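Everything below concerns the one structure shown next.
The values are calculated or read from the model by the stated rules, or taken from the named source; none is laboratory data. All values derive from a computational prediction rather than experimental measurement. Cβ: placed from backbone, ideal geometry, glycine included. Neighbour counts: every protein chain shown. Heads up: the accessible areas ignore ligands, DNA and RNA and are worked out on the full protein's heavy atoms, side chains in. Shrake-Rupley method; radii C 1.70, N 1.55, O 1.52, S 1.80 Å.
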Amino acid sequence: MKNAEGNKQYLKVKAQAEKVLENNLYEVTLNGKKYRRTVPSKEFYVHQWNWDSATHAMGLIHVDEQRAYEELLALVSGQWTNGMIAQITFNPKETKYFPGPQFWGTEKFATGEIVTSGITQPPLLAISVNYLWKKAKDRKKVQEFVKQILPAVIKYHYFLKNYHDPENSGLVSAVHPWECGEDNSPRWDLPLEKIKLDEIPDKVKILVNKYRSDDKLGDASHRPGMDDYYRYMYLVQLYQDWDWDYHTIVKESPFLVKDVLFNSIWCKANESLAELLSDSGSQDQAKIFADYAEQTRLALRKLWDPETQIFTDLDVAQGKSVRIKENSVANFTTLLAGVPEDGQLDVLLDKLTDPAQFWPAYPVPTTALSDGKFSLTKYWRGPTWPINDFLIIEGLSRYRNNPRCRKIFADLLDKTLEMITKNGFFEYFDPTNGLARPGKEIDASLGFGSFSWTAAIFLYLMAKKGD
Ligand code: 2M8
């Protein structure tokens, strides 16, 4: 959609995107202070999610700068004393989401009334703060905002480094599929299979059977299976039993992975933090995070598997180190961290633009179409997710001197905007036709509709197109 008519259409959809974010705003007073947060979707995800919020702010900065700041300040408001910023910051008035606050045993780590889950998510926060810093029009306000939020971001990065990479490998470990963000990706099949269902205590299964709610709201066949949920909640139970002590969790957990996507974001986030610190005149501190970034980039390069020609995740639970050889979208997120060089870059781009693998009508699917594990509808096992497109578009823009990257960047940007324009703000999409549900009317959605992530990414990409 490149003509004038198309541009008019985009502007209409832009206004709709703003409306989605407006409707998904909620206000809550905690510890005597008012917070404004954006929920991913009022249908199910009724709390604040970490990497969703970091993305929301990157869309909001183009429509309401103050709200973008408040979104991130609300996100860090529940930071634990060890520095952890959680996957979920709960809204105490909401009950429809499972697992809600009562299932985590995290009350004693709460900041007064601000209760969170016990794990984190891909650390997009510093990338988002740096983006706000660069884009805000009111320079005085953004300066105040950066000054206010920086200590929390620094503390969060030290948390990730010290507790999630205690061996100083450059790669942080994720302790839960929910921490990775792409929950039921085929990449976690192998590590999860090792948690045998008969090892999981009955009380965990009973709890899941009784309280699980996502499968009652949407189409259950699109969601992770019951066996996945038993394992997810078993891990939550184990970590509660270990009192959320991350030294123990990282040493003992049956699930521990070096996730390529998480670490690509980690690398870029450290670069972003270094830039922010350097712009604020803290050169010495900036160097620490620039070094973290470089260490991670080098470690990611070592994940290249010559046989499959993929940057592979590692299963590192309980002292082992096993490559996970899944042909997934995570491979391309390495662009964000400037990981692929020369020969690898061409292989990666060949894979990305191959219609039989990752370049159907509406790329980029989460799993290669040619892969036996590809599913058209099952959550993180096939569909196209705007967040992945966003990460890859950002990654490609890093290689803007390369003509091929420039071309793919422009194509993917247009295709993602078009997909959302044609269908609306769904959680994810059928990569083969861009519809929200194959063969059905659009209102029967893939995931939930009026999704903040998708709306924010639309706003972000519109701005990127104009850059
Ligand atoms: C999904 O994950 C949550 C658990 O965190 C769930 O399925 O209940 C994922 O898509 C995750 O990446 C996302 O942040 C969250 C909210 O949109 O939903």
Looking at (1) open to solvent by 10 Å² or more (accessible area, probe 1.4 Å); (2) within 16 Å of the chain's Cα centre (by Cα), which is the only condition GLU65 fails?
-> (2)
Tell me, please, whether a residue that is crowded, with 20+ Cβ neighbours inside 10 Å, touching a residue at least 40 places away in the same chain (Cβ under 8 Å) and under 13 Å from LEU335 (Cα atoms) can be found in region 366-389.
-> yes
Within the bounds of region 131-141, is there any residue that is in a loop (DSSP other than H, G, I, E, B), closer than 30 Å to GLU427 by Cα and within 16 Å of the ligand (Cβ to nearest atom)?
-> no
List every residue pair whose Cβ atoms sit under 7 Å apart, with the two residues 6 or more apart in sequence or on different chains, where the first one lies in region 32-49 and is in a strand (DSSP E or B) and charged (D, E, K, R) and the second, anywhere, is within 11 Å of the ligand (Cβ to nearest atom) and open to solvent by less than 10 Å² (accessible area, probe 1.4 Å).
-> ARG37/GLN48
Residues in region 375-434 that are within 30 Å of PRO224 (Cβ to Cβ), of a type outside the set (A, V, I, L, M), more than 16 Å from the ligand (Cβ to nearest atom) and more than 15 Å from the chain's Cα centre (by Cα): how many?
-> 12
VAL236 versus (1) within 22 Å of the chain's Cα centre (by Cα); (2) free of Cβ contacts under 8 Å to residues at least 60 places away in the same chain: which is the lone unmet condition?
-> (2)
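Given region 189-230, what helices (runs of 4 or more DSSP H) lie entirely inside it while holding 3 or more residues that are more than 15 Å from the ligand (Cβ to nearest atom)? First the steps, then the outcome.
Numbers: elements: 189-193, 202-211, 214-217.
Qualifying helices (runs of 4 or more DSSP H): 189-193, 202-211.
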Only one of these conditions is not met by LEU348: (1) out of contact with any Pro (no Cβ under 6 Å at 6 or more places or on another chain); (2) surrounded by 20 or more Cβ atoms within 10 Å (Cβ to Cβ); (3) without any contact (Cβ under 8 Å) to a residue 40 or more places away in the chain. Which number is it?
-> (1)
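Residue-wise test of (1) among the basic types (Lys, Arg); (2) in contact with a strand residue (DSSP E or B) (Cβ under 6 Å, 6 or more places away or on another chain).
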{"site": "VAL257", "(1), (2)": "no, yes"}
{"site": "LEU273", "(1), (2)": "no, no"}
{"site": "LYS287", "(1), (2)": "yes, no"}
{"site": "THR312", "(1), (2)": "no, yes"}
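This table checks each residue for (1) within 20 Å of the chain's Cα centre (by Cα); (2) open to solvent by less than 10 Å² (accessible area, probe 1.4 Å); (3) of a type outside the set (Ser, Thr, Tyr).
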position: SER117; (1), (2), (3): yes, yes, no
position: HIS157; (1), (2), (3): yes, yes, yes
position: ALA174; (1), (2), (3): yes, yes, yes
position: LYS196; (1), (2), (3): no, no, yes
position: ALA220; (1), (2), (3): no, no, yes
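Consider region 93-123. How many of its residues are in a loop (DSSP other than H, G, I, E, B), aliphatic (A, V, I, L, M) and either more than 16 Å from the ligand (Cβ to nearest atom) or free of Cβ contacts under 8 Å to residues at least 40 places away in the same chain (or both)?
Result for region 93-123: 2.
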The residue from THR333, THR353, THR312 that alone is open to solvent by less than 10 Å² (accessible area, probe 1.4 Å), of a type in the set (Val, Ile, Thr), in contact (Cβ under 8 Å) with a residue 24 or more places away in the chain and out of contact with any helix residue (DSSP H, G or I) (no Cβ under 6 Å at 6 or more places or on another chain) is THR312
Checklist (1) outside any loop (DSSP other than H, G, I, E, B); (2) under 30 Å from HIS247 (Cα atoms) applied to MET58, failing item = (2)
Number of the exception - ALA15 against (1) at pLDDT below 95; (2) assigned to a helix (DSSP H, G or I) | (1)
Given the conditions (1) in a helix (DSSP H, G or I); (2) of a type in the set (Lys, Arg); (3) touching a helix residue (DSSP H, G or I) at 6+ places or on another chain (Cβ under 8 Å), which single one is not true for LYS8?
-> (3)
Extreme residue, nearest to the ligand (Cβ to nearest atom), among residues of region 27-51 that are over 15 Å from VAL115 (Cα atoms) and open to solvent by less than 10 Å² (accessible area, probe 1.4 Å) | PRO40
Give the residues of region 87-106 that are out of contact with any helix residue (DSSP H, G or I) (no Cβ under 7 Å at 6 or more places or on another chain), over 16 Å from ASP214 (Cα atoms) and buried (at least 19 other Cβ atoms within 10 Å of the Cβ), sorted by residue number.
-> ASN91, THR106
Does region 281-303 contain at least one residue that is among the polar types (S, T, N, Q), in contact with a Leu (Cβ under 7 Å, 6 or more places away or on another chain), under 17 Å from GLY170 (Cα atoms) and buried (at least 20 other Cβ atoms within 10 Å of the Cβ)?
-> yes
Kindly check whether there is at least one residue in region 68-78 that is surrounded by fewer than 17 Cβ atoms within 10 Å (Cβ to Cβ) and part of a loop (DSSP other than H, G, I, E, B).
-> no
Out of region 61-90, which residues are within 16 Å of the ligand (Cβ to nearest atom), among the aliphatic types (A, V, I, L, M) and over 16 Å from VAL153 (Cβ atoms)?
-> ILE88
Taking ASP245, is it open to solvent by less than 10 Å² (accessible area, probe 1.4 Å), away from the ligand (no atom under 12 Å from the Cβ), under 23 Å from THR116 (Cα atoms) and charged (D, E, K, R)?
-> no
What helices (runs of 4 or more DSSP H), lying completely within region 358-467, carry at least 1 residues that are basic (Lys, Arg) and touching a Phe, Trp or Tyr at 6+ places or on another chain (Cβ under 8 Å)?
-> 403-423
